[in-house]
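Asker: First the structure, which I've put down as structure tokens, then a few questions once you've had a look.
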Amino acid sequence: MRRRRVDPAAGARAGALPEAIAALSRSLPSGPSPEIFRRAKFDRPEATSALWQLLFRVLSPLPAGNALASIALEVQARLVKSALCSQGYPRLALAQLPEDGSKGSRELLLALSWLLARGPVLEQMLAQTRVPLGDEMTVCQCEALASLGPPAPHMEAEGPVDVRHMQWLMGKLLFRWRQLVSSQQEQCALLSKIHLYTRGCHSDQNLGHLSVTEAEMLRDPEGGQKLLRTLEHESRRLEAVLAWRRSEPVFWQWMDTVLGTCAPEAPAAASQPTFLPWVPECGDGELELVVRELQTLEEELREAVERRRVAWEAKARGCGRGPEWSAARRASRETVEKELGALQRCWEQDSGPAPAHGPHRLVRREDGAAGDRDLRAAELIRTLRSQEACLEAVLRQLQGQCRQELAGLTGALPGLIWIPPPGR
């Protein structure tokens, strides 16, 4: 884990260390007290549980309103370890920490600082917990590719598959999907009624109508007071983030001292793969022994690669003349053509405006006038329909592959009658 370089003069001008840690604590959701950070520097066990919960809140995709009391500390620790490992956290000492919160507060503090150093964690969390005052819809047109890529490899089931259970799961999925679509349609109908009935009530002429939140504030004043307190809390977090950015160099100077108190990791666990021997401080004789071991390992790997290559070539020659190979080649050609078409359209639209991304407020306008950064509903519907057509084409392709696999299975079992389901 590398130390972050900071300017000592800039850090001296930024402010004192307690102010920087206090600002960071206020910026984080349910942030621990600054005393937790001080105890974590000295690896005190009483700071471990709070840091596990903080890392879980930072790395968890769950909404901020979900309570963490129902999730056990051991489960949070396992999820934190998995998330940090998937993001490439370099220190293996974190994976060796116990999950009961008995020790490891200093290592958790280093993991938190690593997350803060590699990306805008605070800004992302502010965007997740932002209080929307208007009726918003998240729009993303950044997907350039038209298909889902090449077909997934065939995976064998570990045990027998109950077809009736699969049919029940499929029916349940379709039922939940219809419920979701109907609820979305009902929500859109209610939004349209609110926008139509409150037309002309908004002070901003560009909007012209009230949102659901604004209408609820008029209907329930106590709810408006609660919303006001939520906005004040969000404003305090924004102020804390600004104070943290001003005093950030002081924090990184302090983290250098925290990293200096850690015992260095073993080279075999920190920088080399597990199958290579660790080369200690030794003489020429031991080094020559290690070199011979590496050469032997290299020869074994070459032999294994050669055996796999020969087996793959034999399998490819055997499959290159059958109908399955022709179908796979045709499917790959269609996938490549769709990818090229999507890339060509993306290249043609590159000179135009940037694709829409992020939340957009829903505004009902009778005149049909739209600004430079506004999106018309008709244009967005056309885009969604084109994406739907691409997804339906991929679905038909996958269904065709499944039919071919079923036909091959029924042909391999004599006396079996296959009755396909009726078309809908």
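The values are calculated or read from the model by the stated rules, or taken from the named source; none is laboratory data. Keep in mind the model is a prediction, meaning the values are calculated, not measured. FYI the Cβ positions are ideal-geometry reconstructions off the backbone, even for glycines, and counts take in every protein chain you see. What goes into the accessible areas is simple: the full protein's heavy atoms, side chains included, and nothing from ligands, DNA or RNA. Shrake-Rupley method; radii C 1.70, N 1.55, O 1.52, S 1.80 Å.
A quick yes/no check of all residues on (1) at pLDDT 85 or above; (2) surrounded by 11 or more Cβ atoms within 10 Å (Cβ to Cβ):
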site: A240; (1), (2): yes, yes
site: G260; (1), (2): no, no
site: A268; (1), (2): no, yes
site: P277; (1), (2): no, yes
site: G283; (1), (2): no, no
site: E299; (1), (2): yes, no
site: R317; (1), (2): no, no
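Asker: Looking at L406, is it part of a loop (DSSP other than H, G, I, E, B), surrounded by 11 or more Cβ atoms within 10 Å (Cβ to Cβ), modelled with pLDDT under 85 and not acidic (D, E)?
Answerer: no
Asker: Also, I was wondering about something else. Restricting to the stretch 107-142, what's the tally of residues that are at pLDDT 80 or above, hydrophobic (A, V, I, L, M, F, W, C) and open to solvent by 60 Å² or more (accessible area, probe 1.4 Å)?
Answerer: Adding up the residues that qualify gives 2.
Asker: Determine the pairs where a residue that is farther than 11 Å from S102 by Cβ, located within the stretch 34-49, has a partner that is open to solvent by 40 Å² or more (accessible area, probe 1.4 Å) and not polar (S, T, N, Q) with Cβ atoms under 6 Å apart, the partner being 6 or more residues away or on another chain.
Answerer: Taking only residues 6 or more apart or on different chains, the pairs are A40/R106; D43/R106; A47/R39.
Asker: Do any residues in the stretch 380-392 that are within 12 Å of V139 (Cβ to Cβ) have Cβ atoms under 9 Å from those of residues that are basic (K, R), where the two are at least six apart or on different chains, and which pairs are they?
Answerer: Close Cβ pairs satisfying both conditions: none exist.
Asker: Inside the stretch 67-85, can you point out the residues that are polar (S, T, N, Q) and open to solvent by 50 Å² or more (accessible area, probe 1.4 Å)?
Answerer: S70, S82 - these are the residues of the stretch 67-85 that are polar (S, T, N, Q) and open to solvent by 50 Å² or more (accessible area, probe 1.4 Å).
Asker: Let me confirm something: among C188, C201, which residue is in a loop (DSSP other than H, G, I, E, B), surrounded by fewer than 17 Cβ atoms within 10 Å (Cβ to Cβ) and either modelled with pLDDT under 90 or aliphatic (A, V, I, L, M) (or both)?
Answerer: Answer to the check: C201.
Asker: Let me ask something else. What residue, of G104, G88, is farther than 23 Å from S27 by Cβ and open to solvent by less than 40 Å² (accessible area, probe 1.4 Å)?
Answerer: Being farther than 23 Å from S27 by Cβ and open to solvent by less than 40 Å² (accessible area, probe 1.4 Å) holds for just one of G104, G88, which is G104.
Asker: Could you tell me whether the stretch 210-231 includes any residue that is touching a residue at least 60 places away in the same chain (Cβ under 8 Å) and in a loop (DSSP other than H, G, I, E, B)?
Answerer: yes
Asker: Let me ask another. All but one of (1) closer than 20 Å to Q387 by Cα; (2) open to solvent by 90 Å² or more (accessible area, probe 1.4 Å); (3) at pLDDT 90 or above hold for F175; state the number of the condition that does not hold.
Answerer: The one condition F175 does not meet is (1).
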